[in-house]
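Everything below concerns the one structure shown next.
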Amino acid sequence: MSNYKKREASKQSSLKKLKNFLRVRKSFQNKHYFWNPTFRQLTVPNFYEKYALQISIKITPNNVFCVLVNTNSKKTIYVTSSGKCGVQTSKKTLKFSSKNVLQSFFDNIKSYLKAESFLVKFVGPKRLKRPLLEQITSKLRGKNLIILVDGKKPFNGCRAPKKRRKKQKGLRIFK
């Protein structure tokens with residue numbers, strides 16, 4: 001009987017710990033960069049020194065920019081855009097053209113991809129975030145990465161709902 005009571009007591013304590021963890025996690029959801037131990041090391045001075053190369057990808061409605069920067073010397077190593085790659089971009093073809101520009105960008109910086117660690121900044125719409133981050137991680141497989149994602153809303157926002165016409169009451173006379 002004592003073993004049974006011990007097991008029940010341990011189950012209850014583990015449930016309490018789980019509930020407490022979930023409560024704490026909810027309260028720090030927006031403040032994770034201050035208190036979460038995995039993010040706490042990012043605030044340590046000189047943490048970014050081993051991340052010498054930074055890749056910035058910015059997607060605008062009609063263009064895609066990719067930049068490789070050496071953060072220690074603060075010099076731009078390589079810059080490309082959809083115009084440099086010879087890819088015409090529009091709002092409709094942005095998904096496909098951004099993949100092409102990113103592919104040519106990684107082909108041109110092959111010699112710099114031997115580094116162990118990278119900072120990756122991504123600024124673009126939410127619908128393009130997943131496919132492009134998959135492409136980036138496939139190119140930088142086995143490297144140390146810190147990915148900073150600044151998700152933006154769709155360029156035009158949501159479409160307004162269609163307005164209904166009011167029905168006419170009484171006779172309708174054309175003039």
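The values are calculated or read from the model by the stated rules, or taken from the named source; none is laboratory data. Owing to the predicted nature of the structure, the values given are computational and were not obtained by experimental measurement. No Cβ is skipped: glycine too gets one built from the backbone with ideal geometry, and neighbour counts run over all protein chains shown.
Here are some notes:
- Annotation note: of Ser97, Ser111, the sole residue that is surrounded by fewer than 14 Cβ atoms within 10 Å (Cβ to Cβ), part of a helix (DSSP H, G or I), at pLDDT 90 or above and of a type in the set (Ser, Thr, Tyr) is Ser111.
- Checking Val79 against (1) outside any strand (DSSP E or B); (2) at pLDDT 90 or above; (3) among the aliphatic types (A, V, I, L, M), the condition it does not meet: (1)
- Test: Val79 is within 30 Å of Cys158 (Cα to Cα) and of a type outside the set (Gly, Ala, Ser): no
- For segment 114-148, a residue qualifies if it is closer than 13 Å to Leu68 by Cβ and not in a helix (DSSP H, G or I), and the qualifying residues are Ala115, Phe118, Leu119, Val120, Lys121, Leu140.
- Looking only at segment 47-83, and only at residues there that are buried (at least 18 other Cβ atoms within 10 Å of the Cβ) and among the hydroxyl-bearing types (Ser, Thr, Tyr), the one that is farthest from Tyr112 (Cα to Cα): Ser82
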